[in-house]
Amino acid sequence: MTTSTTPGGRADPARIAPDTPGRGTPGGFAGAIASEWTKLFSVRAPYLCLLAGLAITAVFTYYYASIARINEHPVQPVGNAAASSAVLVQFAVVVLATVAVTSEYSTGSVRISLLSVPRRHLIQAAKALVAAVVAFVAGTMFAVLGTAVAWVAFDGRASFEAGPGLLQVLAIGLYQALVAVLTVGVAFATRHPAGSLSILVTLLWALPSVLLGLGGPALADVNDHLPHGSGEHFMRLGAGSPYTPATAVLIVAAWAATAHLIGLYVLRRRDA
């Protein structure tokens, strides 16, 4: 606080100094987004997650295409290799989005965030949006890299069309974005990285593996309505599906929205 004195000796009302924290910064939802973006990329974890995603994509797609070539599988769209790699690559996005939420709870800095943005739905929405944008861009990058690597490894046993190939790349990016929103909701509900990762590993990998391993049409139908099972139906081309790609997107979006609402309920009911 500073004051100024008029020639008559009277002090003007106190004014905020130019360097007062928060002065001139954007407020509301736009400010929350800017803050979340800065916080996310001020630590090394997101960069490590993205590098891990690129490495996993390259290794998995090369292996997938090589096995298909060696075993002389029928010719398939080359982007299916990148779509199949999502079963592992999605966990790079899961860790990134989990860290974006739980790191603030572990350090206690979430209190500052909630004081800066008292309306809790805004801070959760900002985290979800930032994580989704990063995941979408990363997912499309993973898909492009995976398609390029697989094309070499397929060695002629894959097809490529520009239009469907582009749609497949965007579909993979969309799936990763929805996984990020799902993760943010679960992270706000659990507030702990181990709890969040346990739930998400079970939902996105362990449970589908068990259902498909046990076999049977009833269990396969259950898997078709889980996030990754539904995601495969709009990421992979040329595979049979019990519903349209649009329906598959809506199923994954419904999972993400449900997790988001549960996380918001916990955020509003419990103190930081």
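The values are calculated or read from the model by the stated rules, or taken from the named source; none is laboratory data. Keep in mind the model is a prediction, meaning the values are calculated, not measured. A quick note on method: Cβ atoms are made from the backbone with ideal geometry, for glycine too, and the neighbour counts reach across all protein chains shown. Heads up: the accessible areas ignore ligands, DNA and RNA and are worked out on the full protein's heavy atoms, side chains in. Shrake-Rupley method; radii C 1.70, N 1.55, O 1.52, S 1.80 Å.
Summing Cβ point charges (Lys, Arg +1; Asp, Glu -1) relative to the Cα centre of the stretch 34-133 gives a dipole of roughly 360 debye. Hydrodynamic analysis of the chain uses the Kirkwood radius over alpha carbon pairs. Inserted into Stokes-Einstein at 4 °C and 1.567 mPa s, it gives a translational diffusion coefficient of 63 µm²/s. List the trypsin sites (Lys or Arg not before Pro) within the stretch 206-272 that DSSP assigns to loop and that have no more than 12 neighbouring Cβ atoms inside 10 Å. Those that pass, being in a loop and sparsely packed, are R270. In the chain, the DSSP-assigned H stretches of four residues or longer account for a calculated mean residue ellipticity at 222 nm of -24500 deg cm²/dmol, using -39500 (n - 2.57) per stretch and the full residue count as denominator. Here the stretch 125-252 yields Rg over Rh of 1.00, to two decimals, using C-alpha coordinates and the Kirkwood radius.
Take Y243: with every protein chain present and a 1.4 Å probe, its accessible area is about 40 Å². Ranked by the mean number of other Cβ atoms within 10 Å of their residues, highest first, the peptides 123-130, 32-39 come out as 123-130, 32-39. Membrane-span-like helices in the chain, defined purely by DSSP H runs whose alpha carbon atoms cover 30 Å or more axially and whose average Kyte-Doolittle hydropathy reaches -1.0, are 45-70, 79-107, 120-154, 162-190, 245-269.
For the chain, a simple Cβ point-charge model (Lys and Arg +1, Asp and Glu -1, everything else neutral) yields a dipole of about 1020 debye relative to the Cα centre.
The stretch 34-91 and the stretch 203-272 have Cα centres separated by 19 Å.
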